[in-house]
Each structure stands twice: as C-alpha cells, then as structure tokens.
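Student: Handing you a structure now.
Computed from the coordinates by the stated procedures, all read-outs in this text should not be read as laboratory data. Since the structure is predicted, the reported quantities are computational estimates derived from the model, not experimental observations. Cβ sites come from the backbone with ideal geometry, for glycine too, and all protein chains shown count toward neighbours.
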Amino acid sequence: MIKYILAASVLLNSILVMVVLGVIPFLLYTSIIINCVLMWYTKKVVDVSDSLKDDVVAIYNEIESYSDHLDQIHELETFYGDQDLQNLIKHTRTVVNNIIDIQQKYYDDVEVMEDEDYEEDETPQEVE
C-alpha cells in the first residue's frame, strides 16, 4: 500500500513540477528520481554478490574440512591403501580445485589458500 502511495506521490509531484516550473526542472527531477532508483538497484546487486561470495567461501571451507577428514580416515591402519577411499580423496580434490577456480574467476579479492595437498596429479601412497 505504501509503495502505491509513494509512486502516486512521485507521479503527481513530477506533473506539478512540469506545470509550475517548466520542462527543464521536470527533466532534472526525473533524472534525480532515476538516479536514486539506480543507486538502490546497484546496492541490492552488490549485496546479492557479497552474499554469493560468502556462500562460495563457506562451501569451499566445508569441502576442505571434508577432504581433511577423509585424509585422516585414509591414514588409519584399517583403511590405508583402500582403493575406494583413494578415489574419494581424488574426487574431493578435484571438487576443491573447481571451487578454487570459480573463486579466482569471479572474486579477485578472495584469497584462496591453495595447499600442496590439492594438486590433482598427487595420489595417496599405497601400502606395499
């Protein structure tokens, strides 16, 4: 309801400015309104972008934590050298590297901690 009243007020004020003062002040008034709307829209877009960046960083941290946990399980004597765990570790590292690539592509200011553990060509040692 308030949005409709505000829109009606802006419209009526613009008509009043044009009738009373002429075309030039009307164009100035219209320009000010358009600039205010564009500033509001820009702020909304930046807020969404920041939120998206925070979500990507949170996902990266969760998957990195999962990868560390998987490495710890793989190092246990019971599971050391298990081919399924090795494939899970390799897949997790691939996912982490993909997230790092996305962060670097879209967010230049995000510092990504690239560990040596996440190189794709590295494979866990097998039990001899």
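Student: Provide the per-residue ³J(HN,Hα) series for segment 16-30, in order, calculated from phi with Karplus coefficients 6.51, -1.76, 1.60 and θ = phi - 60°, each as a whole number of Hz, with x at glycine and proline positions.
Tutor: 4, 4, 5, 5, 7, 9, x, 6, 4, x, 5, 5, 4, 4, 5
Student: How many times 2.2 N^0.38 Å is the alpha carbon radius of gyration of segment 2-118?
Tutor: 2.02
Student: Can you tell me which lysines have their Cα less than 30 Å from the Cα of LYS53? Leave out same-chain residues fewer than eight positions away.
Tutor: Here the lysines satisfying the reach criterion relative to LYS53 are LYS43, LYS44, LYS90, LYS105.
Student: Between ASN13 and LYS43, what length comes free when the chain is fully extended (0.36 nm per residue of separation minus the Cα-Cα distance, one decimal in nm)?
Tutor: 8.3 nm
Student: To continue, here is another question. Short version: ³J(HN,Hα) in whole Hz for each residue of segment 76-85, in order, from phi by Karplus 6.51 cos²θ - 1.76 cosθ + 1.60 (θ = phi - 60°), x for Gly and Pro, what are they?
Tutor: 5, 4, 5, 10, 4, x, 5, 5, 5, 5
Student: Roughly speaking, what is the stretch gain from LYS3 to ASP54, that is 0.36 nm per residue apart minus the C-alpha to C-alpha distance, in nm to one decimal?
Tutor: Extra length from LYS3 to ASP54 when fully extended: 15.2 nm.
Student: When only Cα pairs under 8 Å and 6 or more residues apart are kept, what is the percent relative contact order across segment 2-118?
Tutor: Computed value for segment 2-118: 17 percent relative contact order.
Student: LYS90 versus HIS69, label points 7 Å from Cα toward the beta carbon: distance in nm?
Tutor: It is 2.3 nm.
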